Amino acid sequence: MRFKNQIVQVARRAAKSAAAAALHYSGAQDLISAVQRKAVGGARVLILSYHRVVGNLTLESERALPTLNIAQGTFRKHIEVLCETHDVVRLDDALDVLAGKRTARRDLAVITFDDGYRDVYDHAFPLLREMKLPAVAYVPSAFVGTPKRLAHDRLWCALKTMEKRGLGPMSVGVGGAFEALLLRSFDGAASAHDVLDRLISENATAVLYGLADALEDRLRIDRTEAPRGQLPMSWEMLREMAAHGIETGAHTADHTVLTNEALDEARREIAACKSALEKGTGRPVRHFAYCNGWYSAGVAQALRAEGFVSAVTTEDMPNMPGVDPYALKRKVLWEMSSTGVFGWSKALAACQFNDTFGMLALQKPVLGARPTRFGSSRPEDLAHTAHG
């Protein structure tokens, strides 16, 4: 099954690379972009989302979640291609264009990073400083300056360890509510990535960290052993980056998918994050990123009440004038986003940045809107209590 999936992935990549090359080098991509710009009455705003910018892609892909990684060299190529067709601006400037307060000569781009990884400081910040480009780093406040790791990184490590040792959801031996949770998440899943997606999508934050604790205990994983780049940035790093145009944005306190929580808990996460980040950086924090890209009307209202002026999703579309500033669209990118059959593809990157595939209906965005959760925390939260 895995071999079959790999063949399908290679075939899709080949088809997409061929289409990108034809569109890019024929000039059709530029024509399509010009038509859409005219149709919306002005410039579009592309918001890019990255996570980790790594020095050794092969090493990091072996010991951490691969879909979060982009090599430092590939990231540089992304930015160079992006600057050929877009003006990279501050998020506040992009919001002014979207609100009709100013006009733009070309399409605009905003560069963002999620999760506050240290290798953004090590490998992305030097390039942005060299090119004098602004960006936003969305940070979960409870992790800054600590050795703590995010739940998805810890769970990925545990799931891959289970895979290497041939352990399933029952044989790993966490027992009780956590075993039932794993059985649901493993049922029909084709890969560890699918299991992780289900865990994040279906469970509250406390459950994820409780499960990570339980799995690490059973598997005897040393919590102190983590790649430097996977650790959080320090307050000093955030302040230094802010002095060079890399603004700090909020990403909840504990990296919480807010739509999986009761609204009161979502409000607490939002307020705690804003307060901590403003105290630690000495600057106002006005922009927010939804974890997992999921949002609701209630969560958006809570952001407004706390004084945030924007919030970004992971809905893969360009932003047009009049877009809701609390549901801004973003394109999430990693190493394979611009990798064709033969490696790096400038044509593929250019088509991504110009939303060529989206405009031709060759790919569809995954929407992030969810219902507001007004009630108490979901029953799965009891798993955290049951296991201490």
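The values are calculated or read from the model by the stated rules, or taken from the named source; none is laboratory data. These numbers were taken from a predicted model, which means no experiment stands behind them. Note: ideal-geometry Cβ built from the backbone for every residue, glycine included; neighbour counts use all protein chains shown. Surface areas here come from the heavy atoms of the whole protein model, side chains and all, with no ligands, DNA or RNA. Shrake-Rupley method; radii C 1.70, N 1.55, O 1.52, S 1.80 Å.
Just grab the label-to-label distance for Arg283 and Asn56, each label 7 Å out from Cα along the Cβ direction, in nm (one decimal).
Result: 3.2 nm between the two label points.
Under 5 Å between amide hydrogens, which residues at least 5 positions from Ala369 or on another chain qualify, with H placed 1.01 Å from N in the peptide plane?
Excluding prolines and chain starts, which carry no amide H, the hits are Tyr295.
Could you work out the per residue convex hull volume over the alpha carbons of region 236-375, in cubic angstrom?
143
Given a 1.4 Å probe and every protein chain left where it sits, what share in percent of the accessible area of region 210-277 is carbon and sulfur? Could the numbers behind the result be given before it?
Numbers: 1200 of 2680 Å².
In region 210-277, the share of accessible area belonging to carbon and sulfur is 45 percent.
What nm value, rounded to one decimal, do you get for the distance between Phe374 and Ser26 when each label is placed 7 Å out toward the C-beta?
5.3
What length, rounded to one decimal in nm, is gained on full extension from Glu240 through to Glu130, with 0.36 nm per residue of separation minus their alpha-carbon distance?
38.2 nm
With all protein chains present, how much of the accessible area of region 92-187 (probe radius 1.4 Å) comes from carbon and sulfur, to the nearest whole percent?
Solvent-exposed carbon and sulfur of region 92-187 make up 52 percent of the total.
Estimate the FRET efficiency between Glu225 and Arg106 by the formula 1/(1 + (r/R0)^6), using the beta-carbon distance for r and 56 Å for R0, to the nearest 0.05.
Working: r = 46 Å, r/R0 = 0.82.
E between Glu225 and Arg106, to the nearest 0.05, is 0.75.
Could you give the C-alpha radius of gyration of region 137-293 expressed as a fraction of 2.2 N^0.38 Å, taking N as the number of residues it contains?
Ratio of Rg to 2.2 N^0.38 Å for region 137-293: 1.13.
Taking the solvent-accessible surface of protein heavy atoms with a 1.4 Å probe, what is the per residue accessible area of region 154-237 in Å²?
45
What are the radius of gyration and Dmax of region 295-358, computed over its Cα atoms and given in Å?
Considering region 295-358 through its Cα atoms, Rg and Dmax are 15.5, 49 Å.
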